[in-house]
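The values are calculated or read from the model by the stated rules, or taken from the named source; none is laboratory data. Because the structure is a prediction, the values reported are computed rather than measured. In this analysis, Cβ positions are derived from the backbone assuming ideal geometry, glycine residues included, and neighbour counts consider all displayed protein chains. Areas reflect the complete protein model, heavy atoms only, side chains present, ligands, DNA and RNA absent. Shrake-Rupley method; radii C 1.70, N 1.55, O 1.52, S 1.80 Å.
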Amino acid sequence: EKGTYPHFMLKEIDEQPFVMRNIIQEYQDENDEIKLDKKVRQAMVEADRIYIIAAGTSYHAGLVGKEFIEKLANVPVEVHIASEFSYNMPLLSEKPLFVFISQSGETADSRAVLVRIKELGHPALTITNVPGSTLSREANHTLHLHAGPEIAVASTKAYTAQIAVLAILAVDTAKAKNVAFDFDPLQELAIVASAMEALTDQKEVFEQLAKEYFSTTRNAFFIGRSTDYHVCMEAALKLKEISYIQAEGFAGGELKHGTIALIEDGTPVIALATQENVNYSIRGNVQEVAARGANTGVISIKGLEQEGDAFVLPQVHDLLTPLVSVVPMQLLAYYAALHRDCDVDKPRNLAKSVTVE
Ligand code: M6R
């Protein structure tokens, strides 16, 4: 039930801090260590390469998850769009592990890949919000997102839950493989939960920004580099799916290779700047598009902020910035859709779970 909320999407955005705390509880043992199915741990440790398969928002979460698993657990990861996988199936390593990320666990494109790789005899792990779902039943292992039912077609809390669970999985694997690192995901997720709360408490700011940038525009761009780029892809999907604005997420460095030609007077360009190593370059990109007339807005993070930024995010662990940077993007999309009188929870032409290939 929506309770006092006008839309499920807004309710689900607001639930994200609770989901983070829920995940901490579900994945923590009595010694405050990570609690995870031993068989999942073993499957992760045995794999010489991970193949993440997903669609839409879950694919975007997979792109962030790749960073965790490679950086923390030192295992190579490929992320594939489920519907594309079979056309150009990659050469598989000797001991692959397939990880299916799916809120619903019913996405037909992902299921088709699962059927295929099972025929080949490879192991599969499904990360889903619905443990009894098809992808969960048909895989060898399941990890539960514990996000509670997600009703709005636009996925919000499932995305952040997926990233949180992937961070826990990556650290668990790293520990099991004795890889040295300095990152306690359970502690860091608690900090994320408070930061998310600080953001959802400031909805009027994002409502105002949505008005400023998206009330009449036909198109919009989100630019970022590195991790921020992956969040920009998700930001664009959220905006286009519910507000019908043509939106794209671009890697800052790619602008000069073509996209910058699209910038006109007043084109909204939202930049994410949460990563220190790319801060200088992305700020340069903002200047380039501003010089061509773009209506720019930078969302930065505490410590990297500059005068004139549209919003400064509270600081969280560097690896987990997508969990906070996506929240303004979700709220911007929500308010843009609202201003434009769109059906927020049930956008045209879309279904919550896509059960056809
Ligand atoms: O249930 P799944 O996570 O497998 O769904 C995948 C996509 O269909 C889904 O994320 C879709 O892109 C959302 N509507 C995005 O908000």
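From the list Leu135, Leu114, Leu63, exactly one residue is assigned to a helix (DSSP H, G or I), within 16 Å of the ligand (Cβ to nearest atom), free of Cβ contacts under 8 Å to residues at least 40 places away in the same chain and crowded, with 16+ Cβ neighbours inside 10 Å. Which is it? Matching residue, one of Leu135, Leu114, Leu63: Leu135.
Output the residue which, of all residues in the range 138-155 that are within 11 Å of the ligand (Cβ to nearest atom) and farther than 16 Å from Leu166 by Cβ, is surrounded by the most Cβ atoms within 10 Å (Cβ to Cβ). Residue satisfying both the conditions and the ranking: Ala154. Check whether at least one residue in the range 157-164 is open to solvent by less than 40 Å² (accessible area, probe 1.4 Å) and more than 26 Å from Arg348 (Cα to Cα), and report yes or no. Yes, there is a match, as at least one residue in the range 157-164 is open to solvent by less than 40 Å² (accessible area, probe 1.4 Å) and more than 26 Å from Arg348 (Cα to Cα).
Considering the range 198-230, and only residues there that are acidic (Asp, Glu) and open to solvent by 40 Å² or more (accessible area, probe 1.4 Å), the residue that is farthest from the chain's Cα centre (by Cα) turns out to be Glu212. The number of residues in the range 86-125 that are modelled with pLDDT under 95 and either closer than 29 Å to Gly148 by Cα or in contact with a helix residue (DSSP H, G or I) (Cβ under 6 Å, 6 or more places away or on another chain) (or both) comes to 0.
Restricting attention to the range 73-105, the residues that are more than 19 Å from the chain's Cα centre (by Cα) and farther than 21 Å from Val40 by Cβ total 8. A count restricted to the range 216-261 and to residues that are touching a Cys at 6+ places or on another chain (Cβ under 6 Å) and of a type in the set (Gly, Ala, Ser) stands at 3. Do the conditions hold for Lys302, that is, is it touching a residue at least 60 places away in the same chain (Cβ under 8 Å) and not aliphatic (A, V, I, L, M)? Answer is no for this residue. For Leu332, state whether it is of a type in the set (A, V, I, L, M), in contact with a helix residue (DSSP H, G or I) (Cβ under 6 Å, 6 or more places away or on another chain), closer than 23 Å to Gln16 by Cα and in contact (Cβ under 8 Å) with a residue 40 or more places away in the chain. Criteria met by Leu332.
Matching residues to (1) over 20 Å from Val316 (Cα atoms); (2) not in a helix (DSSP H, G or I):
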site	(1), (2)
Pro6	yes, yes
Pro17	no, no
Ile24	no, no
Lys39	yes, no
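Would you confirm whether any residue within the range 237-248 is within 16 Å of the ligand (Cβ to nearest atom), crowded, with 24+ Cβ neighbours inside 10 Å, part of a strand (DSSP E or B) and not aliphatic (A, V, I, L, M)? No, the range 237-248 has no match at all. Considering the range 66-96, and only residues there that are in contact with an Asp or Glu (Cβ under 7 Å, 6 or more places away or on another chain) and in contact (Cβ under 8 Å) with a residue 40 or more places away in the chain, the residue that is surrounded by the fewest Cβ atoms within 10 Å (Cβ to Cβ) turns out to be Glu94.
Taking the criterion of being outside any helix (DSSP H, G or I) and of a type in the set (Phe, Trp, Tyr), the residues of the range 177-231 that qualify are Phe181, Phe183, Phe221, Phe222. For the range 186-197, the set of residues classified as over 18 Å from the mean Cα position of the chain (by Cα) and open to solvent by less than 40 Å² (accessible area, probe 1.4 Å) consists of Leu186 only.
Could you give every pair whose Cβ atoms fall below 9 Å, whose first residue belongs to the range 251-268 and is within 14 Å of Ala291 (Cβ to Cβ), and whose second residue is outside any strand (DSSP E or B) and basic (Lys, Arg), counting only separations of at least 6 or pairs across chains? As it stands, the answer is Ile260/Arg292; Ile263/Arg292; Glu264/Arg292; Asp265/Arg292; Thr267/Arg292, since those pairs meet every condition given. So which residues in the range 43-60 are touching a helix residue (DSSP H, G or I) at 6+ places or on another chain (Cβ under 8 Å) and open to solvent by 10 Å² or more (accessible area, probe 1.4 Å), if there are any at all? The answer is Val45, Ala55, Gly56, Thr57, Ser58, Tyr59, His60. Criterion first (touching a residue at least 24 places away in the same chain (Cβ under 8 Å), closer than 26 Å to Phe18 by Cβ and more than 8 Å from the ligand (Cβ to nearest atom)) does Gly105 satisfy it? When the stated conditions are applied, Gly105 does not pass them.
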